[in-house]
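The structure appears right after this line, and notes come after that.
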Amino acid sequence: MPAILPFAALACVCGLVIFPLAGFYRRDTRSTSLRDIVVLLKGALLTSVSLAILSRFNLVTATVPIPVVIVQFYLAVPALGALRVIARGRELTRQSRHLKEKEVDSRIPVLLVGTGASCDLFLRSLRNTGSRYLPVGIIDDARNTQGLYFHDVQIIGTLRDPENVIERLSQWNVLPQRLLLTEPTTHFDSDGIQKLTVWASGHGVTVSRLHGLEDLGSPDLGEGQNMRTVDPDDILDRPQKAVERSLLFEVFKGRRVLVTGAGGSIGSELTRQIASFHPAEIVIIDNCEFNAYSIDMDLSQHFPDVPRRMYVASIVDADRVNSIFRQHRPELVFNAAALKHVPIVELNPCEGVLTNVVGSRNVADAAREIGALAMVQISTDKAVNTTNVMGATKRVAEFYVQAQDRITNETEERTRFFSVRFGNVLGSSGSLIPLFQRQISNGGPITITDPKMERYFMTIREAVQLTLVSAASGLKFDTSQGEIFVLDMGKPVKIVDLAERMIRLAGLTPHQDIKINFIGMRPGEKLFEELFDKSEARADCGIPGVSAARPEGVPIARLRAMILKLELAARCQNGSLVNQLLRDLVPGYGTKTSCAVEPAKVGASAAWSGAKEMTVKLPIPPHAVLRPVGAPEVLSTG
């Protein structure tokens, strides 16, 4: 037909004019979506209508029947759409390849709640940008959707049946690190969301919420807050280690477990995680009445079916410790009680020795006496090449636990002894995050001791999980030479960088909106911490995220004698002698000047002279409690 060529030329002219006016060519082909298809349909429809009208005014094209215009519409839409679909497909393939090249473990596993518009766009944003979040499941707010997939993420249950969801989650080998509410809590079933958040709180799973569509990439808690709630995941700036729960269930289920310092930051998280593995009984010991009450109430709310017994007691009291152990005969013992604040222990060395050294000895001896399966000592990186009293006392505790494990190995007794060493935990009581948050909320300044100071950091949940895995794996070792399990904490973080990151997370500018002041190092502090001592041999223990340090150790006879001298000096409040004894026992300690407390002037010299004379002439039991007349009461934690 002679009219076809002019008609085709007219169609091209109409398309070249109308499609640009409709904005079709201003849309990037790599982000093609349904919105682009709608623009294409509108442009094609306008082109066809214009073509039908204009063709009527030309004698040549007027003979073309209207059905040809319709055919032209149906040809233009798939032809133009196909080009954009192909471009979009290539982009998705490239993104998928990029995501596969990334380590899956580098993303934070999150469990989503709700399947509304926010969830839809959130999942799209994760897929398109390669976010640090990895959705592992969805809890719907509607019935009859379990087993279906929403954006390739499976719906594992409904909030209208929270018991079934919680039962299914309890069977997961690796729990998510965050529970993300995609809508305000008022949009969900109140009973279901309450039970789910209570479960998350009891299992150390952070509960977060999307503020709105503009905050899809930054979920966080709290409505109406001017400053964002800072999550340890954001500050850590590295993936947390994930552990398999099957091994922990195997070790802790049906066992009697005792935790000292159970109301502290590490101790409370230890207690909660152990309770989630259905032990036969949990015995909690803490020297602080409020801490003991708090963890007891926490367990009663989240784990009411787990039998528990709470004691307000000090591990410095050997008779009290032995009485509790004999009554409950725990199979697994975790000693988390400690004085840990470096400047405070530096000013109170006697109390540091009594809790960190004498208390640890009492717990270890009691564990061996009742034939426990294992005793786990919670240690710190400050024990390595230490320059402070706190680190030195924790190093002595490591020595004692190591010596006890070597005795087990030589005598073929069953009680194993392990130390687990790690650095600072984010969010613990007295840690930097609460302090910096308070300073930021007050408008600054943030106070930092030195611009070069750096520390190792990990979250409380991560540290406790790896501690439990270390203990569970250590029980499977046939022989041991008192290895110290050292948790992999990644690279050290500069404190000033951490402060600047927190300021930015609060939506402010460092050094402008919030000033940073450097106030100088405090007594006993170092610019950097280390995880391995120069005298220790480093080895692979076969536990992911954990290495083993093998110190040379100290003979048990010398340890017992030195610890007894330390105890006598500490009970007499002779801080100078305590520091001298620590220097004699801990290699490298005392090379730098540390703050020592002067001995008490009222009766302390005479009392110490008598006590010193007694150590020479009388056979004193290793955990005898000696308190000279007039000596002050001992205050300690846990």
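Brief remarks on what is shown
- Just one residue in the set Gly490, Gly427 is in contact with a Pro (Cβ under 7 Å, 6 or more places away or on another chain) and modelled with pLDDT under 80; that residue is Gly427.
- From the list Leu566, Leu577, Leu559, Leu582, the lone residue that is free of Cβ contacts under 8 Å to residues at least 60 places away in the same chain and more than 26 Å from the chain's Cα centre (by Cα) is Leu577.
- Of the criteria (1) within 30 Å of Ser125 (Cα to Cα); (2) modelled with pLDDT of 70 or more; (3) of a type outside the set (Gly, Ala, Ser), which one Leu16 fails: (1)
- Condition broken by Leu99, with the remaining ones in (1) hydrophobic (A, V, I, L, M, F, W, C); (2) modelled with pLDDT of 70 or more; (3) surrounded by fewer than 18 Cβ atoms within 10 Å (Cβ to Cβ) satisfied: (2)
- A search for C-beta distances below 8 Å between a residue of segment 447-460 that is surrounded by 18 or more Cβ atoms within 10 Å (Cβ to Cβ) and any residue that is of a type in the set (S, T, N, Q) and part of a loop (DSSP other than H, G, I, E, B), counting only pairs 6+ apart in sequence or on different chains, returns Met458/Gln240; Thr459/Gln240; Ile460/Ser428.
- Selection status of Phe418, surrounded by 22 or more Cβ atoms within 10 Å (Cβ to Cβ) and farther than 16 Å from Val333 by Cβ: no
- Filtering segment 318-329 to residues that are of a type outside the set (A, V, I, L, M) and in contact (Cβ under 8 Å) with a residue 24 or more places away in the chain leaves Asp319, Asn322, Phe325, Arg326, His328, Arg329.
- Unmet requirement for Thr61, which otherwise passes all of (1) at pLDDT 70 or above; (2) in contact with a Pro (Cβ under 9 Å, 6 or more places away or on another chain): (1)
- Any chance Ala403 is surrounded by fewer than 22 Cβ atoms within 10 Å (Cβ to Cβ), modelled with pLDDT of 80 or more and in the same structural domain as Val546 (by TED's automatic domain parsing): yes
- The requirement of being over 16 Å from Leu258 (Cβ atoms) and either of a type outside the set (D, E, K, R) or without any contact (Cβ under 8 Å) to a residue 60 or more places away in the chain (or both) is not satisfied by Tyr311.
Rundown of residues vs (1) surrounded by fewer than 17 Cβ atoms within 10 Å (Cβ to Cβ); (2) without any contact (Cβ under 8 Å) to a residue 40 or more places away in the chain; (3) assigned by TED's automatic domain parsing to the domain that holds Leu196, yes/no style:
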{"residue": "Ser265", "(1), (2), (3)": "no, no, no"}
{"residue": "Leu270", "(1), (2), (3)": "no, no, no"}
{"residue": "Glu281", "(1), (2), (3)": "no, no, no"}
{"residue": "Asp296", "(1), (2), (3)": "no, yes, no"}
{"residue": "Gln301", "(1), (2), (3)": "yes, no, no"}
{"residue": "Asp305", "(1), (2), (3)": "yes, yes, no"}
{"residue": "Val316", "(1), (2), (3)": "no, no, no"}
{"residue": "Leu332", "(1), (2), (3)": "no, no, no"}
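- Output for segment 396-418, where each listed residue is closer than 25 Å to Gln580 by Cα and in contact with a strand residue (DSSP E or B) (Cβ under 8 Å, 6 or more places away or on another chain): Ala397, Glu398, Val401, Gln402, Gln404
- For the condition more than 26 Å from the chain's Cα centre (by Cα) and at pLDDT below 80, Gln171 does not qualify.
- Comparison of Val384, Val363 shows that the only residue that is assigned by TED's automatic domain parsing to the domain that holds Ala549, buried (at least 23 other Cβ atoms within 10 Å of the Cβ) and modelled with pLDDT of 95 or more is Val363.
- Here Ser480 meets each of (1) of a type outside the set (Val, Ile, Thr); (2) assigned to a helix (DSSP H, G or I); (3) at pLDDT below 75 with one exception, condition (2).
Table: residues versus (1) outside the structural domain of Asn362 (by TED's automatic domain parsing); (2) assigned to a strand (DSSP E or B); (3) crowded, with 18+ Cβ neighbours inside 10 Å.
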site	(1), (2), (3)
Val496	no, no, yes
Arg504	no, no, no
Leu531	no, no, yes
Glu552	no, no, no
Leu568	yes, no, yes
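- Among (1) touching a Leu at 6+ places or on another chain (Cβ under 9 Å); (2) closer than 22 Å to Ala366 by Cα, the one test that Asn409 misses: (1)
- All positions within segment 275-302 that are hydroxyl-bearing (Ser, Thr, Tyr) and over 15 Å from Val251 (Cβ atoms): Tyr293, Ser294, Ser300
- Segment 29-50, residues that are touching a helix residue (DSSP H, G or I) at 6+ places or on another chain (Cβ under 9 Å) and modelled with pLDDT under 70: Thr29, Arg30, Ser31, Thr32, Ser33, Asp36
- Segment 145-166, subset more than 25 Å from His302 (Cα to Cα) and of a type in the set (S, T, N, Q), residue nearest to the chain's Cα centre (by Cα): Gln154
The values are calculated or read from the model by the stated rules, or taken from the named source; none is laboratory data. This one's a predicted model, so the numbers in the text were calculated from it and none came from an experiment. Reconstructed Cβ throughout: ideal geometry from the backbone, glycine too, with neighbour counts over all protein chains shown.
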